[in-house]
Amino acid sequence: MGMRINAELPLPADLKAEYPLSDKIIKIKEKRDAEIRDIFTGKSDKFIVIVGPCSADNEDAVCEYVNRLARVNEKVSDRLMIIPRIYTNKPRTTGEGYKGMLHQPDPDKAPDLLAGIIAIRKMHIRAIEETGLTAADEMLYPENRSYLDDILSYEAIGARSVENQQHRLTASGMNIPIGMKNPTSGDFLVMLNSVIAAQHSHSFIYRGMDVTTDGNDLAHVILRGGVDKYGTCNPNYHYEDLVRLLSLYQKMELKNPAAIIDANHSNSNKKFKEQIRITSEVLHSRSYNPELKKLIKGVMIESYLEEGNQKICPDMIYGKSITDPCLGWEDTERLIYEIAEKC
């Protein structure tokens, strides 16, 4: 095989023992997980806001951002469930370029996966310790999630991974909400088939073990827009798209129908400022149609300390995205207060 072993990585259980969760963090996560479950099962009408950098590339900047979110959360927690977006893996369309903190804890240095898995665990723990907010991450590599599965309160499966069988089966063994994005084609049925798979029990091989899962009743969809064969972005956050999704859900025997609307990616054509307008339209659609208000549980927004993005270089701006462009903090804070008023 054209493959060489660079290092043998620690087992997830060993890494967790070396960097354990305090009793305080365990209680915080239990409480937030229960609150989030109540939203997806319809017991709570709080609106979810999953918000944060496109990629979590710097521990200090990410934790400063989450601390700012926590201060806003104190004012809106009666209406919103704010879930920081701390994404430590980045899918690359061609496989080239920065793949996230898991691969490169220092973006301008060579990949170091051992340092990476330690860095992402420490960053997530620090964020909870400082703010009391448990976070969301993307399950880009199913086996890697075992290093964080005791920390996260929400996970997403991306557009490039949603058709992958290992992702679907692994999702069926989670006890937190897992959002299935529509594929890059925009196909709703592929996305919903992933939800069906995740909500059922399966037996398969996971990390060298024969496992059987219980099924995840909180598996749901994330609309992120699609791209046609000509490379044109086709958004799917409009009222007609949401009604179509509602109709499809009504025809399927799925538990806890729910959708999160990703305001960036192909919904905004990566025009990050459009996230403000898109979020406003989603809220209007919910207020117009009571059935949509039950279905649309929240939004996903890409935001960081500084707006826009930058290339990896020796003089990078602190708190500015090195992957997709993000809303800046001032716009984000105003948007969160607006969401709290309108949801």
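Condition check ((1) more than 30 Å from residue 10 (Cβ to Cβ); (2) within 19 Å of the chain's Cα centre (by Cα); (3) in contact (Cβ under 8 Å) with a residue 60 or more places away in the chain) across all residues:
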{"position": "209", "(1), (2), (3)": "no, no, no"}
{"position": "221", "(1), (2), (3)": "yes, yes, no"}
{"position": "241", "(1), (2), (3)": "yes, no, no"}
{"position": "246", "(1), (2), (3)": "yes, no, no"}
{"position": "251", "(1), (2), (3)": "yes, no, no"}
{"position": "265", "(1), (2), (3)": "yes, yes, yes"}
{"position": "269", "(1), (2), (3)": "yes, yes, no"}
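Checking each residue in the range 228-269 for being of a type in the set (Val, Ile, Thr) and either at pLDDT below 95 or assigned to a helix (DSSP H, G or I) (or both) picks out only 243.
Considering 158, 173, 132, the condition of being on the phi > 0 side of the Ramachandran plot and modelled with pLDDT of 95 or more is satisfied by 132 alone.
Tallying residues that are closer than 22 Å to residue 302 by Cβ and either without any contact (Cβ under 8 Å) to a residue 12 or more places away in the chain or outside any helix (DSSP H, G or I) (or both) within the range 35-59 yields 13. Inside the range 184-225, residues that are assigned to a strand (DSSP E or B) and either surrounded by fewer than 19 Cβ atoms within 10 Å (Cβ to Cβ) or modelled with pLDDT under 95 (or both) make up a count of 8.
Looking at the range 83-183, none of the strands (runs of 3 or more DSSP E) lying wholly inside it contains 3 or more residues that are surrounded by 24 or more Cβ atoms within 10 Å (Cβ to Cβ), without any contact (Cβ under 8 Å) to a residue 24 or more places away in the chain and among the β-branched types (Val, Ile, Thr). Report whether or not residue 273 is surrounded by fewer than 19 Cβ atoms within 10 Å (Cβ to Cβ), touching a helix residue (DSSP H, G or I) at 6+ places or on another chain (Cβ under 8 Å), over 21 Å from residue 55 (Cβ atoms) and free of Cβ contacts under 8 Å to residues at least 60 places away in the same chain. No; evaluated as a whole, the condition is false for this residue.
Taken over the range 311-343, the residue count meeting the criterion of being surrounded by fewer than 19 Cβ atoms within 10 Å (Cβ to Cβ) and within 12 Å of residue 55 (Cβ to Cβ) is 2. Residue 32: over 27 Å from residue 325 (Cα atoms) and part of a helix (DSSP H, G or I), yes or no? So residue 32 fits the description; yes.
The values are calculated or read from the model by the stated rules, or taken from the named source; none is laboratory data. It should be emphasised that the depicted structure is a prediction, and the values quoted were computed from it without experimental measurement. As a convention, Cβ positions derive from the backbone with ideal geometry for all residues, glycine included, and neighbour counts pool all protein chains shown.
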